[in-house]
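Please read the structure below before turning to the comments.
The values are calculated or read from the model by the stated rules, or taken from the named source; none is laboratory data. Bear in mind the structure is a predicted one, so any value in this text is a computation, not a measurement. Quick reminder, even Gly has a Cβ in these numbers, built from the backbone with ideal geometry, and neighbours come from all protein chains shown. Please note that ligands, DNA and RNA were not included when accessible areas were found on the heavy atoms of the full protein model with its side chains. Shrake-Rupley method; radii C 1.70, N 1.55, O 1.52, S 1.80 Å.
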Amino acid sequence: MAQLRLSYPKLSADAYAGLIKCKTALEGNALELSLLELVYLRISQINGCAFCLEMHSTSLREHNFAQNKLDALNGWRVSERFSVRERAALMWAEAVTHISAVNTDDTIYQQVKAHFTDAEMSDLTIAIGLMNAFNRIAISLRQ
């Protein structure tokens, strides 16, 4: 990893603690941890956050997530290794992460929403926004 430019967890302690509190809250809600970690890993692939790639792939392995699924994640659209629910979450993660190019139009939303309750959809969207924030902070300030 590159050298940290600023110690943002100390310099912005309250704000950073809020991000961590949000992450912890999401982990205790309806979405299964492996799905959250899978989404976090895919977002980190898209954004190129090396720190987060290592952290989330390690977490998934520690929770016995199949290595062949990790290996196929970048090609999830053509891989048969992912469940319908995982595919929906990954589709939403990509749409929200690339919102300026892809948008989250009603067609994509309805395809994804068919696999999640309202609370899960809300949590999933917040989790995606949170991971994008973590990635942007870590990449910009060199985690």
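Applying the set (1) out of contact with any Gly (no Cβ under 8 Å at 6 or more places or on another chain); (2) surrounded by 13 or more Cβ atoms within 10 Å (Cβ to Cβ) to Arg136 leaves exactly one unmet item: (2).
Among the residues of the stretch 62-79, is any touching a helix residue (DSSP H, G or I) at 6+ places or on another chain (Cβ under 7 Å), open to solvent by 80 Å² or more (accessible area, probe 1.4 Å) and either under 20 Å from Asp123 (Cβ atoms) or among the charged types (D, E, K, R) (or both)? Scanning the stretch 62-79 turns up at least one residue that is touching a helix residue (DSSP H, G or I) at 6+ places or on another chain (Cβ under 7 Å), open to solvent by 80 Å² or more (accessible area, probe 1.4 Å) and either under 20 Å from Asp123 (Cβ atoms) or among the charged types (D, E, K, R) (or both). Listed by first and then second residue, the pairs with beta-carbon distance under 8 Å, at least 6 apart or on different chains, first residue in the stretch 72-83 and farther than 11 Å from Arg42 by Cβ, second exposed (fewer than 14 other Cβ atoms within 10 Å of the Cβ), are Arg81/Ala66; Arg81/Asn68.
Every residue, every condition in (1) outside any helix (DSSP H, G or I); (2) buried (at least 17 other Cβ atoms within 10 Å of the Cβ); (3) at pLDDT below 95, yes or no:
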{"site": "Arg85", "(1), (2), (3)": "no, no, no"}
{"site": "Ala88", "(1), (2), (3)": "no, yes, no"}
{"site": "Ala93", "(1), (2), (3)": "no, yes, no"}
{"site": "Ile99", "(1), (2), (3)": "yes, no, yes"}
{"site": "Val102", "(1), (2), (3)": "yes, no, yes"}
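Do we find a residue being in a loop (DSSP other than H, G, I, E, B) and more than 15 Å from the chain's Cα centre (by Cα) anywhere in the stretch 7-19? Steps first, please.
Taking the stretch 7-19 and keeping what is in a loop (DSSP other than H, G, I, E, B), we get 7, 12.
Okay, now just the ones that are also more than 15 Å from the chain's Cα centre (by Cα), so 7, 12.
Yes - at least one qualifying residue is present in the stretch 7-19.
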